[in-house]
Each structure stands twice: as C-alpha cells, then as structure tokens.
Amino acid sequence: MFSYTFQWKQALAKLPLMLDGALVTIEIALLSMAIGIVLAVVLTGFRLSNNRFLVAITTTWVELARNTPALFQIYMAHFGVASFGVHFSPYVSLLIGITFNNAGYLSENFRGALKAIPDTQARAARSLGMSAVQAFGYVVLPQMLRIAFLPMTNQMVWAILMTSLGITVGMNFDLYGVTQDLNALTFRTFELFALAAVIFYVMTKIIQIGARLIATRLFRY
Amino acid sequence: MIEIENVRKSFGPLEVLKGIDLTVQKGEVLTIIGGSGSGKSTLLTCINGLEPIDSGRIKVDGTEVHARGTDLNKLRTKLGIVFQQWNAFPHLTVMENVMLAPRKVLGIGKAEAAAIAEKQLSHVGLGDKLDVYPSRLSGGQQQRMAIARALAMSPGYMLFDEVTSALDPQLVGEVLDTLRMLASEGMTMICVTHEMKFAREVSDRVAFFSKGVMAEIGTPQQIFDAPQNPETAAFVKMTQN
Ligand SMILES: Nc1ncnc2c1ncn2[C@@H]1O[C@H](COP(=O)(O)OP(=O)(O)OP(=O)(O)O)[C@@H](O)[C@H]1O
Ligand SMILES: [Mg+2]
C-alpha cells in the first residue's frame, strides 16, 4: 500500500540549505565553462596547427570527453589521479571533470563554427596590418563565438546537471550533495529530491532564457 | 615607389609569375588587364606580402617586402588592398569596421579613429550608414565601405583587385566613381580590372598580363589603340566586343 505521507513543510524548511548548495553548483558550472571555453579555444588552435603532436592532444581529449561517461571523467579526476599520488578535493575533482568534458565538446563546436567563417575574413584583417593574433581575436573569434553560442548554452546546462555526479567523489556541498546529506538525516526522500529537481529546472531555464536575452543584445547583426 | 624586379612565383608545379619587372611611381595610376589565371591577383598579394615569392624582389618605398626582418604588419599599413569579395566584418557596424585597424594597428584613440572613419565613409558616400551593420548594405555599398576601411589607414598606395567583378551591373558605376575620385585626388593605385572603359579613362599606364608574363605596358592609347603584342591586340579586341 501507499503508506508514505508527504511532509513538505519539513523539506521546505531545508530550502535555504539547498539554495546555498545551488550557489555552489552554479559556481562550479560557471568556472568549468569559463576555463572550458579558454581550453577549447586552445584545443581548437592545436587542431588547426600543422603540428602532429598538438593535433593528437586535441583528438585524444575530444574523443575521451565525448565518448566516455561524464561520470568516468569525474571519477578519474579524483580516484584515477589518486593512484599516481595526486589528491584533489571533491570540489576540485568535480570541477576538473566537468571542465574536461566542457572543453572537449566546446572544441568540437568551435571547430565547426570556424568552418563557417571564410578564410577571406582573416585575410582582410591581415591585409589591414593586423597580426595573426589580432585578426583572430578581433575578427574571427567574435564570429566564432556567435555561431557557437547556442551549443555553448547547451553545454552550460549540461554542466549544471553534471554537478550531480560529484556525489560519487564525495562532493557534499553542491545542490545534489546537500540534498543527499539531508535525505540521510531526514528520510524525506521524495520531497527533498523533488525540491532539488525543481531548483535544477529553474536554474537551467534561467540560463536558457538569459542566454537568449544576452544573444539578442550581443548579436545585433 | 613600388619596385618589382624579376619576380617569380609558383604554386606547386604551376609557375604563375614568370619574372615580372615593373615600377610604379608615386601618384601613378596603373591598371593591369589580362586573361583569367594570368597572375594578376597573385602579383597584388605578393606586393603586400600575403604571398611569398620564389625569387626576385619587391620594394615598397625602399623596404624589401619579402626580406627577412621586414615588419609585414607595418608595411601593410602603407598598402591598402581591396578584393573582389569585399569581406566586410559582419559583426561590426560600418563605422566599427573602419575604426578597427586604425585603433588596434596604429594605436589611434577612439575619438580620433571615429573622426577618421566618419571622414572616409562620407568620402565614399556612406556618411548616412555609419551605425548600420554590413548585412544591411548593398554589394556596392559594402565594397565602398571596404575602400573606406583601407583608406582609414592613410596608405600610400591602394591595390584594387577586380573590385567590381562580384557586383550586380547596376552597382558597378558607383564603385568605379569612387575609384575615379581617388585617382583624381592623386592616390597611387594599382587596379586589376576587366572594365576597359574605366582603364582607358583613369590610367597613366596599362599593363597587359598573359600567362604569368607582363606582355606589354604603355599608355592607354598605346595599349588600346595601337597594341604591339599580338596577344594584347587579341585581348583588347575580344573585350571591346
Ligand atoms: N593559393 C593558390 N594555390 C594554388 N594555385 C593558385 C593559388 N592562387 C592562385 N593560383 C593559380 O595561379 C594562377 C594565377 O592565379 P591569379 O588569381 O593570380 O590569376 P588572375 O590573373 O588574378 O585571374 P582572374 O582574372 O581569374 O582573377 C591560376 O592558375 C590559379 O589557379
Ligand atoms: Mg584575380
């Protein structure tokens, strides 16, 4: 029989704690995106270079990031490296794992975006006296980021959701970790996780709507 | 002065420039005509160092373009170049397109760069399009913007590579008028063009290229009315029908 009685009050009383956790989740997602974007630009640069070693780095990274479970990537960033005597806190391991995943996916997005920008753009910039770096930074990169903006938004949402995997490496102060700990204390399993799901949903929705607003402000051409 | 001495250039097995000798004086308007694949575009991109050369020398105001140690970015500020495809930067407004290189390459302040951009854009007839994005402009307007963008660097020379070839016929006139205006102001120009009437009007000299060789060079009258080289004669005859 259905004997579970809902006790929303008890769960709602924990809302402040869960929102604190949500802030940590957002922090990890934002950091992993910021670092991930920078790494993805570098990886894309490697891929476009004619250096076989650099190309191999990007290929390996992208293949691993896209073709293994995110859980495995986070696990490796914690227990995997620990086998070699490197010990990261759960927070750092989670951040590294998600960043690794972000960089791999974003690098592929950037590569696709670059293909859509004609070579003549960089050529025109160079012929105005810009260095290769200036031509990339002022002419190619902004166009690339625009084309890759929607995939970047998706990756940000994915990064938020991936933080829940931190539980496997002992992360306990992000949204999912906090919820799990509260559950162990109160056994209000359904209420707590339903509440967590709503918070996750609201966060990702805000990102999607926010991204759309930013896009209309940023990309007026 | 642009001095081109015995320049050779190959793409793989294909020799595209087979020993070009040519000097362009300050204030001169030189047009280059010739069949497709004769090496006209390649010569322009060699002049501003976008392409390396295999042998020979190109000097701009005494600076050897392909010498080791030449600061190509600095040299290119003296050489404006406009291509057949205008390559507007789509993410920047017309004004920002023109301001970008003066600010980032020459290090000019924002206000001064804006003043330069406004002046050059008005000059080519785009004074009312400053804050528009290029996607809103016609091909002819985008090409004039590209010309203003090059002029904003105060180059000593302007290189034009078939700047009207990608335009709808009714837009060719406005761009040619802009070139005529620059010529009349004394700008030193090398124009690769298929517009024979225009070439005859504005040029001090016309060079005819054929298969990587400068087959003939002379005044417009010499080239168009009394060509010495049979290939020039054939080309001129063909393009005038
Ligand atoms: N980057 C390149 N790689 C290989 N071959 C090239 C390259 N650029 C030009 N070529 C070849 O060099 C030859 C000369 O090309 P170029 O563009 O200089 O001719 P052109 O006189 O400007 O012709 P058009 O009137 O068609 O523009 C052509 O056969 C062309 O295919
Ligand atoms: Mg050409």
Charge dipole (debye, nearest 20) of chain A; +1 at Cβ of Lys and Arg, -1 at Cβ of Asp and Glu: 780 debye
All aspartates and glutamates inside 14 Å of B:K40 as judged from Cα atoms, apart from same-chain residues fewer than 8 positions distant: B:E15, B:D21, B:E51, B:D161, B:E162, B:E216
Two-decimal ratio, region A:8-218, of alpha-carbon radius of gyration to 2.2 N^0.38 Å: 1.18
Shielding by partners - mean other protein chain Cβ count within 10 Å, residues of B:80-90: 5
Local electrostatic count at A:R123 - Lys and Arg +1, Asp and Glu -1, tallied over other residues with Cβ under 14 Å: 0
Farthest positive-ward along the protein assembly as shown dipole, Cα basis, beta-carbon charges - from B:L44, A:V38, B:L106: A:V38
Under the Karplus curve 6.51 cos²θ - 1.76 cosθ + 1.60, θ = phi - 60°, whole-Hz ³J(HN,Hα) for region B:107-112, x wherever Gly or Pro sits: x, 6, x, 4, 5, 5
Within straight-line cross-link reach of A:K14, aspartates and glutamates at Cα separation under 17 Å, skipping those fewer than 8 residues along the same chain: A:D174, A:D181, A:E191
For the protein assembly as shown, projected area of the alpha-carbon convex hull averaged over all directions, nm²: 30.6 nm²
Estimated 222 nm signal from helices in the protein assembly as shown, with DSSP H stretches of n ≥ 4 weighted -39500 (n - 2.57), rounded to 500: -17000 deg cm²/dmol
Ratio Rg/Rh, restricted to region A:72-192 and using Cα atoms, in which Rh is the Kirkwood radius: 1.19
Computed Rg/Rh of region B:2-239, alpha carbon atoms with Kirkwood Rh: 0.97
Helix B:139-151 axis, angle to chain B major axis (alpha carbon atoms, nearest 10°): 90 degrees
Residue among B:Q120, A:Q121, B:G34 farthest towards the positive dipole end of the protein assembly as shown, charges placed on Cβ: A:Q121
In degrees, nearest ten, helix A:52-67 long axis to first principal axis of chain A (Cα): 30 degrees
Net charge, B:P90 excluded, C-beta distance under 12 Å - Lys, Arg +1, Asp, Glu -1: +2
Cα-centred dipole magnitude for the protein assembly as shown, charges only on beta-carbon of K, R (+1) and D, E (-1), debye, nearest 20: 680 debye
Percentage of interatomic Cα-Cα distances in region A:101-152 larger than 13 Å: 56 percent
Acute angle (nearest 10 degrees) that the helix B:94-104 long axis makes with the longest principal axis of chain B, alpha-carbon atoms: 80 degrees
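FYI, it's all coordinate maths here, none of it is from the lab. The structure presented is a predicted model; accordingly, all values stated were derived computationally and were not measured. When we count neighbours, we look across all protein chains shown, and the Cβ atoms used for this are built from the backbone with ideal geometry, even at glycine.
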